[in-house]
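Please read the structure below before turning to the comments.
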Amino acid sequence: MTTLCAAGHDTTAFFGCYFTFLLARHPRVQNKLKDHVRSVLKDGQLTPEVINTLLNGYLGQVFNETLRLYSVIPFIKREACKDTVVDSMGKIIDIPKGVELLIPICLINRDKDLWEDPNAFRPERWEGLPTSPSAKQGFFCFSYGTRSCIGKSMARVEMAAMAVRLVTRFSFREPPGGFRPDIVGGISLTSRNGIWVRVEKEEAA
């Protein structure tokens, strides 16, 4: 429980920052997402079934694309439990038992060999792909396998609930002159100059 609560605190907050930043920069995506959420959230009740429907739709695509570009956890560390040989694009790499490996999630998620136009924010690229993608699709935000993030399902529901409340109550615009975050990787992916967006309250809220 400590892991779920402690690890999920900052990560969810940072996701909200990058989520609103990307919506502010891409009004077409923001408007499409608002329409999608309103069409599903007809009576205003955010039930588990509604969240599941949203994550299986356009919200899930925006969710995945936000995490792909701004993986809140930029890297993970693993230790080889046995001698291993890896074929990396034709190059054989020997990894002895006990060696610590640093896996750069932020680089995998922007690898041009895995993603077309990897630096572009295009939620539609996820259409037809699994809504909870794995490393097999080049998406490593929650790690992979038996040591993957224990709070993945909780995080998706928590982030989805936050995203729904944000887009139904507010609109997001770029500040005058625009804004570009100065990203720095650490335990979490943060920005030296913060994340700045202009927030406008929805009239119908």
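Figures for the structure shown
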item: Residue tally, condition surrounded by 10 or more Cβ atoms within 10 Å (Cβ to Cβ) and assigned to a loop (DSSP other than H, G, I, E, B), over the stretch 85-102; result: 3
item: Failed criterion for Glu127 (all others in (1) touching a helix residue (DSSP H, G or I) at 6+ places or on another chain (Cβ under 8 Å); (2) crowded, with 17+ Cβ neighbours inside 10 Å; (3) not hydroxyl-bearing (Ser, Thr, Tyr) hold); result: (2)
item: Filter result (at pLDDT below 70, more than 16 Å from Leu59 (Cβ to Cβ) and either among the polar types (S, T, N, Q) or surrounded by 14 or more Cβ atoms within 10 Å (Cβ to Cβ) (or both)) within the stretch 130-143; result: Ser134, Ala135, Gln137, Ser143
item: Filter result for Arg180 (surrounded by 15 or more Cβ atoms within 10 Å (Cβ to Cβ) and either in a loop (DSSP other than H, G, I, E, B) or modelled with pLDDT of 90 or more (or both)); result: no
item: Test: residue in the stretch 108-129 that is modelled with pLDDT of 85 or more, under 18 Å from Ser71 (Cα atoms), touching a Phe, Trp or Tyr at 6+ places or on another chain (Cβ under 6 Å) and not in a strand (DSSP E or B); result: yes
item: Condition met for Asp10 (in a helix (DSSP H, G or I), acidic (Asp, Glu), modelled with pLDDT under 90 and surrounded by fewer than 19 Cβ atoms within 10 Å (Cβ to Cβ)); result: yes
item: Qualifying positions in the stretch 21-72 - small (Gly, Ala, Ser) and over 18 Å from the mean Cα position of the chain (by Cα); result: Ser39, Gly44
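The values are calculated or read from the model by the stated rules, or taken from the named source; none is laboratory data. Not measured: the values here are computed from a predicted model. Heads up, the Cβs are rebuilt from the backbone with ideal geometry, glycines too, and the neighbour counts pull from every protein chain shown.
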